[in-house]
Amino acid sequence: MSKLILEQVTKAFGDFYAARDISFCAEEGEFVTLLGPSGCGKTTLLKMIGGFHQPDSGRILIGEKAVNNQPPEKRNTAMCFQSYALFPHLNVSHNICFGLKQRRIALSEQQSRLAEALKQVGLENHRLKMPAQLSGGQQQRVALARAMITRPDVILFDEPLSNLDAKLRESVRFEIKELQRQYQLTSIYVTHDQAEALAMSDKIVVLNGGSVEQTGKPEEIYYRPANRFVADFIGAANIDTAHIAPAEQPGFYRVRCGLGEFYVRSTTPPRAEHCYLCWRPEDVQFISQPQKGDNHFTLTLDKMAFMGNLTEAWGHNDTGLSVRLQLLKKPPVAPGERACFRLPQDAIHFLEPVS
């Protein structure tokens, strides 16, 4: 395993920039996810790291060695593909050992690594089966074992779970993360699934239109988004414009927005007096009667949906502002009725200035 560094990497296809001045690093043994919508440049970055595309400018370093001009076979990386890319005419063992055979690793070493890899992914009893005889989850584990057995400096994942059903995707997700953590694999993982990124990553790089919107730990990305795009893309968020003024107490602010006036505590000061703000739907609390000093507001509920562990609700205030709520308990009100809600002082997060 090695440290991976990208320095101002740019790649254009004609007038279209798939990557524009991309910089980030993955420390040794770190799991870094490239997250963003379709067409944002995730897979292009992955292919440049693997050597399948060459950047127009910038540097890619693996273990502090620039690899821009090295072909894929000269880079000690391994790719775990979205489509598994297993050889249908080879059994599980031969699929897993294919990379070792190409590298002319001694047969005894191949057998030793194969036994270890089969145990790691729980396929000891399937070693002689053909890919068509395996489930989707088992095929994905074969692809993972094939990537891991070469002991790469960096392992690359191109949306490896997108072809699995929801339940199996969750199971294999934790298998991949556990193996990555156990063997300290430096990993770059591409996905557009926010839940996947939050659950698996040590670090997330949020991409949009070929540029980095924000880089940070999952908790930072979710609770302290850098701008409206990140707030809206990662989970659900209520976003509004606001006028902000410092309060008497340091670290507190008086905020006037479409929902009303609020008293807000924030360790990060606003970047302007007039800026965007956001808050997560799950932070809101239903209250029967507001108390003095509460950050409260009243909505007319438009619709409600019982989801088991929570109740989704949508409503609007007297100005027509629409709000989304996620409540742990179903409130004793029905659609069409008015209800009062409270926001904790630290639930509101300041975003970029209003231009």
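Results for (1) over 23 Å from L35 (Cβ atoms); (2) touching an Asp or Glu at 6+ places or on another chain (Cβ under 7 Å); (3) not assigned by TED's automatic domain parsing to the domain that holds E28, shown as yes or no for each residue.
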| site | (1), (2), (3) |
| --- | --- |
| F81 | no, yes, no |
| P88 | yes, no, no |
| K101 | yes, no, no |
| K119 | yes, no, no |
| P131 | yes, no, no |
| R169 | no, no, no |
- request: Check the stretch 316-339 and report whether any residue there is assigned to a strand (DSSP E or B) and over 32 Å from the mean Cα position of the chain (by Cα).
  value: yes
- prompt: Taking R265, is it within 23 Å of I221 (Cα to Cα) and of a type in the set (K, R)?
  reply: yes
- line: S162 passes all but one of the listed conditions (1) modelled with pLDDT under 85; (2) more than 28 Å from F13 (Cα to Cα); the exception is number (2)
field: Hits in the stretch 299-316 (condition: at pLDDT below 95 and under 20 Å from V255 (Cβ atoms))
entry: none
message: Between a residue in the stretch 74-97 that is farther than 17 Å from G136 by Cβ and any residue that is among the polar types (S, T, N, Q), which pairs come within a Cβ distance under 7 Å, given they are 6 or more apart or on different chains?
response: A78/T150; C97/Q110
message: Checking the condition assigned to a loop (DSSP other than H, G, I, E, B) and either over 30 Å from R127 (Cβ atoms) or of a type outside the set (D, E) (or both), which residue from S23, S2 passes?
response: S2
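Would you check if there is a residue in the stretch 279-291 being over 26 Å from the mean Cα position of the chain (by Cα) and free of Cβ contacts under 8 Å to residues at least 40 places away in the same chain?
Taking every residue of the stretch 279-291 in turn, at least one turns out to be over 26 Å from the mean Cα position of the chain (by Cα) and free of Cβ contacts under 8 Å to residues at least 40 places away in the same chain.
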- prompt: Which of (1) surrounded by 13 or more Cβ atoms within 10 Å (Cβ to Cβ); (2) among the basic types (K, R); (3) within 13 Å of V323 (Cα to Cα) does K303 not meet, given it meets every other one?
  reply: (1)
field: Number of the exception - S162 against (1) exposed (fewer than 15 other Cβ atoms within 10 Å of the Cβ); (2) more than 25 Å from A197 (Cα to Cα)
entry: (2)
- prompt: In the stretch 275-315, which residue that is among the β-branched types (V, I, T) and assigned to a strand (DSSP E or B) is farthest from G260 (Cα to Cα)?
  reply: T311
query: Yes or no: A145 assigned to a helix (DSSP H, G or I), closer than 20 Å to M200 by Cβ and free of Cβ contacts under 8 Å to residues at least 60 places away in the same chain?
result: yes
- request: Confirm whether K42 is over 18 Å from I155 (Cβ atoms), charged (D, E, K, R) and at pLDDT 90 or above.
  value: no
- prompt: Tell me, which strands (runs of 3 or more DSSP E) lie completely within the stretch 174-262 with 3 or more residues that are free of Cβ contacts under 8 Å to residues at least 40 places away in the same chain and within 29 Å of L299 (Cβ to Cβ)?
  reply: 238-246, 252-257
field: Any pair with Cβ under 7 angstrom, 6 or more apart, that starts in the stretch 310-327 at a residue that is of a type in the set (K, R) and ends at one that is surrounded by fewer than 16 Cβ atoms within 10 Å (Cβ to Cβ)
entry: R324/A236
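The values are calculated or read from the model by the stated rules, or taken from the named source; none is laboratory data. Computed from a predicted structure; not experimentally measured. Neighbour counts run over all protein chains shown; Cβ positions are idealised from the backbone, glycine included.
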